[in-house]
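This report concerns only the one structure given below.
The values are calculated or read from the model by the stated rules, or taken from the named source; none is laboratory data. Here the structure is a predicted model, which is why all the values come from computation and not from measurement. Here the Cβ is made from the backbone with ideal geometry for all residues, glycine too, and neighbour counts use every protein chain on show.
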Amino acid sequence: MTSITHFSVEIQTSPQLVPSTPSWLGEVAIMAALLKKHGLLEAISQEVRLTRGRMGHYEVIDFVALLIGYAISAEPTLKAFYDRLLPFATPFMGLFERDHLPHRSTLSRFLAAVDPACLEQLRVLFQRDLCARPLAGSQEGGLWDRSARQWSVFDIDGTRATARQRALPHIQALPAAKRRFDEVCAKGYAGRKRGEVVRTRTVIEQASTHHWLGTFSGKGNGEYRAELQRALQVIIGYLSTLGLPPARAIIRLDGLYGTGLLVEILAKAGLAWIMRGKDYGLLNEQVVKERLKLPPDQETQHPETGTLRQLFDLPDLMLSATGTACRVVVAAHPATTTKSSVGKTLDGRVYELFFTSLPQDGFLAADVLDVYFGRGGFESVLADEDREQDPDRWCSHTSAGQEFWQILSQWVWNLRIELGHQLHPTAMRTTHTNLLSERQSSSESMSRIDSLRIAPLNADRYQLAPPTQAEEVPPQAEGVPPLMPLALQPFAYGPPTFARPLHPERFAAKDFLPQPDGTLLCPDKQHLRVRARKQETNGVLRILYAAPKRICQACPLRAACLREGNQSSSGRHVSLIYHPLDAASVAALTPSPPAPMWVPSLPVQPGPFALVWRDWGRSCTRREWMALLRTQTVTITVLALPQEACRDPTSRVVTRSERKHWRLSWQERLARNASAELTPRVRLHLFGIPTALATSVGLPSSL
């Protein structure tokens, strides 16, 4: 050891290696104590099981402990995490009542072996724990509309992770390239993230508590419709467990879901929704054009940019030929560029569509926009998750293994929120907006996107006079039925027919089978989705289906499907044609006159109450908890061992079944790496933990 005096500080050095205690070890100790107190470690050991290949004498709980520590540590890679953990492997595994630390390669083999059954067992346990200990007063959170009805707000959205791949030569002398990410990633939209292949993750958040409810992921752009249906099931189960009515839940979605088919899925689930629409073909409908000529229902002005939006509320607009209708709010403002990044630019104005099922007596048109733009808080939560835990870190090159890690990462997030509220209990924030003013509560108010300015209400603004005969019937050729506005067409459509084949040796349109979800199934079992809808002459409705280009280029049947065969650079397109029935068939099918696409009606008067939000802060409680644990000292002391601990471990008596390698029961497997009674005892001393918090997680406290 050497020393040197430098002014008033004496510096000493020593060649002896003494690793510093990781700053996250104290938080791991608190988390492990909380999981043990509520019986979650035992539940994971007994309920989450995996029939796997060679992984030594370790079980699922051993790898769950590792991944929980990895999520808490925020280390960039598993290698960096292991480098910090190895000097403290014994106390770390002892916190979870386990003995030896699995090797990093053993963890990789486990994640590669995770099957869907094991993954779903973990997901069920995660969701059950979420409902077991709700935050005090969480049922009092949410949104109150202008008719004093309470709503629970949930956000669903997708986030993407990209992976970089080396450029590999493809010549005949070399073997075919095999990519590690082939099982977990695929080509997809990367946005602003750099990478060649993509994995998409759909997440669910409770807006007032900021808890994660679940995660579902897929290769490439993912199956967002199937993931949406699973997310709706999770939300309905969550509401049922807490005794809340599903009909009073609002789902906020972005423009990815803004089609009529997704509206059908949400309507069948019995939940309310609000989303940005992307079916801008509605702007060409005659009824919408007529409505946009009348004065707006309201106007909103952005407080910073000064953008003035005119809002047009259409309470019951048909979105598809199948009869799907919902409330549509059209927001229009002057265009500042030739093409806006959001919305549709027409004749110097930008039009934005918002689809919702929120009632008019509870939400004005400006309230609908205000509730939707509140999703900005959800984007901030996603940014916090990327910064604090980064669940898109690659832990496994298999789909189930990567999702197994992401569920545990969300579990750690929820536990941090729970512990943060125990450390510093805070009351819920209340934010209200008056009916005819912009005033908000002076204490703990949320930032609003648009300031509300009510336009004068016109009692006859929905009374659209029917078009005259001259306007209704343009000049037509003799013998051709008149072309009426779409909103007034009395058409009833017969069964769909397929377009004629372009080549006799190619797959015809009739070879593509319609599916219950509105897609077409091609001969290679791939799905074609709706891309366009066109109203043709004489009421004929043509719906165009298309397959992604990347799927058709990799299809083994492309030579018999695409027009150019193997040289084609686009995907397959198929058209379904709906012909209108004659007047007699219409009368037989519909005894009463058919309703128009949108029935004009008098405006619904809103309720007399203010719009009220009640929620907790997004990050303060969680960050205060993390700051405390990362700045306080943790000391590790190895206590003296009894004489029995010095015995040779190889002197243990081996049974005949173990010697013959007979199959072990689940309990025998679990006991192999459990902490033995004679394992070296270690004492961890955590400083700065309040007595009340230590008692709540079942830990002793000393002065």
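Observations, loosely collected:
- Condition check for Thr433: farther than 19 Å from Thr200 by Cβ, crowded, with 20+ Cβ neighbours inside 10 Å and at pLDDT below 95: yes
- Residues within segment 72-83 that are touching a residue at least 60 places away in the same chain (Cβ under 8 Å), over 15 Å from Ser105 (Cβ atoms) and out of contact with any Asp or Glu (no Cβ under 9 Å at 6 or more places or on another chain), tallied: 0
- Failed item, numbered, when Ala366 is tested on (1) in a loop (DSSP other than H, G, I, E, B); (2) within 21 Å of Trp144 (Cα to Cα); (3) under 29 Å from the mean Cα position of the chain (by Cα): (1)
- Residue within segment 29-45 that is assigned to a loop (DSSP other than H, G, I, E, B) and buried (at least 21 other Cβ atoms within 10 Å of the Cβ) present: no
- Screening segment 56-77 for residues that are more than 22 Å from Arg622 (Cβ to Cβ) and surrounded by fewer than 18 Cβ atoms within 10 Å (Cβ to Cβ) and picking the one that is modelled with the lowest pLDDT gives Gly56.
- Given (1) without any contact (Cβ under 8 Å) to a residue 12 or more places away in the chain; (2) under 25 Å from Ile156 (Cβ atoms), index of the condition Leu314 fails: (1)
- Segment 136-155: number of residues that are of a type in the set (Asp, Glu) and in a loop (DSSP other than H, G, I, E, B): 1
- Just one of the numbered conditions (1) among the polar types (S, T, N, Q); (2) modelled with pLDDT under 90; (3) in contact with a strand residue (DSSP E or B) (Cβ under 9 Å, 6 or more places away or on another chain) is not true of Gln172: (3).
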